[in-house]
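See structure below.
Read-outs: derived from the displayed coordinates by stated rules, not from any lab. The structure presented is a predicted model; accordingly, all values stated were derived computationally and were not measured. Positions of Cβ are backbone-derived with ideal geometry, glycine not excepted, and every protein chain shown enters the neighbour counts.
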Amino acid sequence: MIIKVLKPKAQPISLPIEPSEPLHSDAPLPSPSANGPAISSYPAPPGLPPHVAAQFDLQVARVSLFIELAVYLAISCFVGPEVFVVSTVMGSFAGGFSPSVQSLALMMTAPQGSATHHNENGKVFGAMGVVQALGYVVA
């Protein structure tokens, strides 16, 4: 909920309104082409610029890491069930670290307009999965 409120807002999309639009009631349905499904000529909906999304993900990762370190420090320094419960509840706010780091890695390895980045994405996520699994085993 916090991320939803603080995340930068994307520009709203505007749909063209033309007589040949498929949803228009007077327009005939397009016939499927022999080469496969028809590809829309409309541009992709605008989202956040990549640098804004990367900055937001980096901020989420930093805040999550700081919260996690503070929680582990509080658990190790203070004794008592109340401190443990409060620290554990606060630790749940550090759950954004892994998704934000994965999003950053995806943005860094996938250049805009590249058609070959899909193969690299699998390699990056596979390597990150191995590192996370090793971290859980060691911890």
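Assorted remarks:
- Compared with the direct C-alpha span, the chain from ALA54 to VAL124 gains 23.5 nm at full extension, assuming 0.36 nm per residue.
- Residues whose amide H falls under 5 Å from that of ALA10, counting only those 5 or more places apart or on a different chain, are absent, with hydrogens built in the peptide plane.
- Residue exposure proxy: LYS7, LYS123, ordered by other Cβ atoms within 10 angstrom of their Cβ from fewest to most, comes out as LYS123, LYS7.
- Phi-derived couplings, Karplus 6.51 cos²θ - 1.76 cosθ + 1.60 at θ = phi - 60°, listed residue by residue for the stretch 129-139: x, 5, 5, 5, 5, 5, x, 5, 5, 5, 6 Hz, with x used for Gly and Pro.
- Globularity ratio of the stretch 47-107, using Cα Rg and 2.2 N^0.38 Å: 1.37
- In order along the stretch 77-83, the phi-based Karplus estimate (6.51 cos²θ - 1.76 cosθ + 1.60, θ = phi - 60°) of 3J(HN,Hα) comes to 8, 10, 10, x, x, 5, 5 Hz; Gly and Pro are listed as x.
- Listed by Cβ neighbour count within 10 Å, with the fewest neighbours leading, LEU106, LEU134 appear as LEU134, LEU106.
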